[in-house]
Ligand SMILES: [Zn+2]
């Protein structure tokens, strides 16, 4: 049995909601995915990489579209905790994007807060549904679908 996790993270990787806002977003998600196996909001002390599990394919440079080495990415993600910055110098073209703005195929992201829906029983949210969740949370959100 594999599990599908549909996670929602704030567009700003450092942003965190208060408990009431998180509860509102959880209720909004439960209405959008009524067959879920559970929905949990989690606050992180440090910025975490929210990945897409076995769906992870490749990551590319947002400036020149070169595919980036996964080991390089792993090292950069580890360095976030000690260096306190998301800005990286990419080896392909010398650009300095945020790790959060690399082109992840499938989508992944960085966050200090996430809401995860276990086995949502549906596919990705439409843009209009994502906006509902964002309004409930008080901050725009990105969605990440993962399989484990
Ligand atoms: Zn590049």
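Every number here is computed from the coordinates shown, using simple stated rules; none is lab data. Owing to the predicted nature of the structure, the values given are computational and were not obtained by experimental measurement. As a convention, Cβ positions derive from the backbone with ideal geometry for all residues, glycine included, and neighbour counts pool all protein chains shown.
Entry note, the chain: relative contact order of 49 percent, from Cα contacts under 8 Å with a spacing of 6+ residues.
The angle between the Cα long axis of helix 127-137 and the main principal axis of the chain comes to about 80°, on a 0 to 90 degree scale. Would you mind pulling out the separation of the Cα centroids of segment 1-41 and segment 101-129, in Å? After rounding, the separation between the Cα centres reads 9 Å.
D for the chain, whole µm²/s, Stokes-Einstein with Kirkwood Rh over alpha-carbon pairs at 25 °C and 0.890 mPa s: what number?
Numbers: Rh = 15.9 Å.
Translational D for this selection: 154 µm²/s.
Residues of segment 40-59 falling in the label zone of residue 105, defined by backbone nitrogen less than 19 Å from a point 7 Å along Cα to beta-carbon, are 51-59.
Sorting the segments 50-57, 136-143 by their residues' average number of neighbouring beta-carbon atoms within 10 angstrom, most packed first, yields 136-143, 50-57. Placing a pseudo-label 7 Å from each Cα along the Cα-to-Cβ vector at residue 98 and residue 3 gives an inter-label distance of 2.9 nm.
Using the Cβ-Cβ distance between residue 89 and residue 42 with R0 set to 25 Å, the FRET efficiency from 1/(1 + (r/R0)^6) comes to roughly 0.25.
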